[in-house]
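Shown next, in structure tokens, is the structure this report addresses.
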Amino acid sequence: MSNRPLGILVVGAGAIADLHVAAVAADPRCVLAGFADVNADRARTAAHRNGGVFWTADLAEALARPDVDACIICTPNDTHEDLALRVAEAGKHLLLEKPLATTVEGADAIVEAFARRGLVLAVAHSHRFYDYGRTVHDEIASGAVGRPTLVRLALLGGWIWPDWRAWVIDPARSGGHALHNGVHLLDLVTWWIGSRPVSVYARGQRRTATELDVHDYLEMVVRYDDGAVAICEMSRAHRPTALAHRDVVVQGTGGLLTLAWDGEGALLWDEKGAHTLDPGVAYGFAAQLGAWLDAVTAGDAGTSVSGEEAAMAVALGVAAERSMALGVPVEVQ
């Protein structure tokens with residue numbers, strides 16, 4: 001790499017892109033090179049909002065630019081495989097929003113393409129970079145609780161999509177909610193436990209509206225090859241939408257670790273009554289970007305979330321969706 005800041009192209013200018021752009025703006029090792037989005041108006045608006053940087057609706061044009069060294073993909077899940085392979089073919093490093101792909105085969109193809117070219121691939125499993133995620137991992141790694149035998153992780157929150165036409169509600173586009181949002185929990189508990197998952201048993205509920213084809217409440221039980229079990233509970237159906245809760249329990253052979261229920265979205269009581277406060281920015285995006293940039297600048301294809309780990313998260317999400325459809329435990333492929 002040259003001494004100039006790394007030029008970052010953001011592919012997809014939707015809401016999640018804003019969090020990545022804020023992280024890019026805060027790191028002196030990189031600079032926002034522009035936006036590419038199939039919706040020209042959206043790309044133009046994002047570019048204008050960020051100082052008039054380059055924008056285009058043509059990804060090939062953007063990838064050909066000499067000031068683009070790496071990409072952050074923030075597009076719907078069903079586009080990830082095609083776009084990631086195009087980025088790899090162009091010789092650019094990539095930070096890709098989760099999940100890596102909507103199929104195990106697609107995930108494996110992406111991992112292989114970046115490995116073959118010696119490019120850095122990172123996947124945005126952002127909860128690994130939140131304080132609570134890293135704290136639990138570090139405590140387990142230190143041996144504080146011995147070998148984990150049972151993990152419970154609950155992340156409960158409210159409806160976050162702007163309307164009922166959002167692409168994530170369509171399982172053909174998202175891969176299903178266990179893959180789209182549940183993958184955060186599936187990846188995190190597997191990272192904490194440090195063993196290979198062998199099966200998933202999941203059930204989902206349509207709590208917001210039964211006519212919507214999305215299980216916005218999930219319960220998932222993962223079993224591992226060393227006998228450990230993880231119980232994951234995830235909701236995007238709670239009310240009010242700004243009230244979020246998190247619960248962590250890790251039982252090990254040598255101790256018990258707990259993080260009590262924690263209001264990520266706080267309640268305020270004043271003369272107007274009870275109100276929910278905005279939970280604030282998605283902490284961890286800056287640390288996530290930093291870890292990716294560390295690997296890129298060091299010329300090291302390894303990252304804090306390896307392609308193989310991200311592919312395993314896809315396999316877990318796919319297994320969870322299949323389990324919900326069949327009503328039985330499903331082996332992880």
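The values are calculated or read from the model by the stated rules, or taken from the named source; none is laboratory data. Source: prediction; values computed, not measured. Glycine also receives a Cβ, built like all others from the backbone with ideal geometry; neighbour counts cover every protein chain displayed. Please note that ligands, DNA and RNA were not included when accessible areas were found on the heavy atoms of the full protein model with its side chains. Shrake-Rupley method; radii C 1.70, N 1.55, O 1.52, S 1.80 Å.
Remarks
- Solvent-accessible surface of the chain, averaged per residue with a 1.4 angstrom probe and all protein chains in place: 44 square angstrom.
- Scaled to the globular estimate 2.2 N^0.38 Å, the Cα spread of region 8-159, given as radius of gyration, is 1.18.
- Kirkwood estimate for region 212-261, i.e. one over the average of 1/r between Cα atoms, Å: 13.3
- Of interest is the spacing of the C-alpha centroids, which for region 114-152 and region 1-25 amounts to 23 Å.
- Table column - 3J(HN,Hα) (Hz), region 95-112, Karplus curve with 6.51, -1.76, 1.60, x for Gly and Pro: 10, 10, 4, 6, x, 3, 7, 9, 9, 5, 5, x, 4, 4, 5, 5, 4, 5
- Bins of 5 Å, starting at 0 and running to the largest distance - Cα pair percent for region 81-169: 2, 11, 15, 14, 14, 16, 16, 9, 3, 0
- Loop-resident trypsin sites (Lys or Arg not before Pro) (DSSP state other than H, G, I, E or B) in region 142-197 with no more than 11 further Cβ atoms inside 10 Å of their Cβ: R165.
- A dipole drawn for the chain from +1 and -1 charges on Cβ atoms has a positive end, and of H238, T75, G307 the residue lying farthest that way is H238.
- Value in Å of the Kirkwood radius, where region 180-235 supplies the Cα pairs that are averaged: 11.9
- Convex hull volume of region 79-132 per residue (C-alpha atoms, cubic angstrom): 75
- F54, F35, ranked by accessible area, largest first (probe 1.4 Å): F54, F35
- Sites D163 and H48, calculated FRET efficiency, Cβ-Cβ separation with R0 25 Å, nearest 0.05: 0.55
- Listed residues K98, K272 arranged by accessible area, highest first, probe 1.4 Å: K272, K98
- Efficiency of FRET from Cβ geometry, T258 and A57, R₀ 30 Å, rounded to 0.05: 0.05
- Hydrodynamic radius by Kirkwood, which averages 1/r over all alpha carbon pairs of region 74-228, in angstrom: 17.2
- Equivalent ellipsoid, the chain (semi-axes from 5 times Cα gyration tensor eigenvalues, Å): 31, 24, 21
- Share antiparallel - DSSP beta bridges, the chain, percent rounded to 5: 55
- Exposure ranking of E81, E321 by accessible area [1.4 Å probe, largest first]: E81, E321
- Furthest towards positive pole of dipole, G133, W192, V214, structure part region 133-226, Cβ charges: W192
- Percent RCO, i.e. relative contact order, over the chain, from Cα pairs under 8 Å lying at least 6 residues apart: 20
- GNM flexibility winner over the chain from A178, A166, A291 (Cα, springs under 10 Å): A166
- On region 200-249, 47 percent of the accessible area sits on carbon and sulfur atoms, based on a 1.4 Å probe.
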